[in-house]
Amino acid sequence: MKTGSGGEEAPLPRHVAIIMDGNGRWAKARNLPRSVGHERGVEALRKTVEGARDLGLSHLTVFSFSTENWRRPVSEVNALFGLLKMYVSQDLKKLKADGVRIRVLGTRAGLPEDVRLLVDQAQSETCHNDKFNLCIAFNYGGREELMRAARQLAADVVKGVADLDDFDEESFGQYLDTRGLPDPDLVIRTSGEMRISNFLIWQAAYTELVFMDVLWPDFRPKHLNEAIASYQTRQRRFGGLAVGSL
């Protein structure tokens, strides 16, 4: 990790989010089925969660399945559902014992019943954990999230539960999937693509971005360290001036 100009250790980001991209290209480069790339991607996720905890991060959000991914072949979509089930079923006991709280962001609409039940189980069984927060964005899209939030807000206004005259950004945030979570300080995207692809578009308004050429199945804690080291060299101004600027 980086140190400041006075020798002190540079602060870690509180919340890191990752767009896990490149599973298909990883498999194609090795003449393997795309499903194998996704399987290796799950292994990379395990290592990354462990690495994030070892570094002392408190929040990690990973983009696993987007609302746009429904356009992929049915066989691949089903394989992705299967991998989520495998990860949760195989790792839930250990994650729970390690004090990890799991939250799944996104809409439940369209998900198979067994997936919905597993998601609910993972969240309910870890809801009291507080050592590390793991958020999985699954069947998630930033615009879809905002639409759901706006519809719920409109419904609450009609019912008299919400008053638009007293509404601000903070209160709107309570309608988002990430309510109660800090906004991400750092978003990492693997595979060399340089876009956020409808990921946390409200929450990432002032987030630092790091794009890495490594494909997700090859991502390891050392890459996470590199991204955080880049983050630690930056001055975050949130629309203001840097310290010492005129």
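Every number here is computed from the coordinates shown, using simple stated rules; none is lab data. Note that the structure is predicted; figures quoted are calculated from it, not measured. We place every Cβ from the backbone using ideal geometry, glycine too, and count neighbours over all the protein chains shown.
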- Reachable aspartates and glutamates from K159, Cα under 20 Å, same-chain residues fewer than 8 places away excluded? D168
- Task: Give the long-range amide H neighbours of W202: residues separated by 5 or more places, or on another chain, with amide H under 5 Å away, using H modelled in the peptide plane at 1.01 Å from N.
- Result: none
- Message: I want to verify a result. In a Gaussian network model of the chain, Cα cutoff 10 Å, which of these has the top mean-square fluctuation: V74, V104, V42?
- Response: V74
- Task: Have a look at the DSSP beta bridges in the chain and tell me what percent are antiparallel, nearest 5.
- Result: 5 percent
- Item | Gyration tensor (Cα) of region 123-210, equivalent ellipsoid semi-axes in angstrom | 26, 18, 13
- Using a cut-off of 19 Å between alpha-carbon atoms, which aspartates and glutamates can reach K96, once sequence neighbours fewer than 8 places away in the same chain are excluded? E43, E50, D54, D120, E125, D130
- Semi-axes (Å, rounded, descending) of the ellipsoid equivalent to region 1-122 per its C-alpha gyration tensor are 29, 19, 13
- Task: Within region 143-237, list the chymotrypsin sites (Phe, Trp or Tyr not before Pro) lying in a DSSP loop whose Cβ has at most 14 other Cβ atoms in a 10 Å radius.
- Result: F167, Y206
- Query: Size of the dipole of the chain about the Cα centre, Lys and Arg at +1 and Asp and Glu at -1 on the beta carbon, nothing else charged, in debye to 20?
  - Reply: 900 debye
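Express in % the proportion of alpha carbon pairs of region 42-186 at distances exceeding 25 Å. Please list the in-between numbers first.
On the way: 3609 of 10440 pairs.
That fraction is 35 percent.
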- Listed by chain and number, the residues whose amide H is under 5 Å from that of N139, excluding neighbours fewer than 5 places away on the same chain and using placed H, are F65, S66
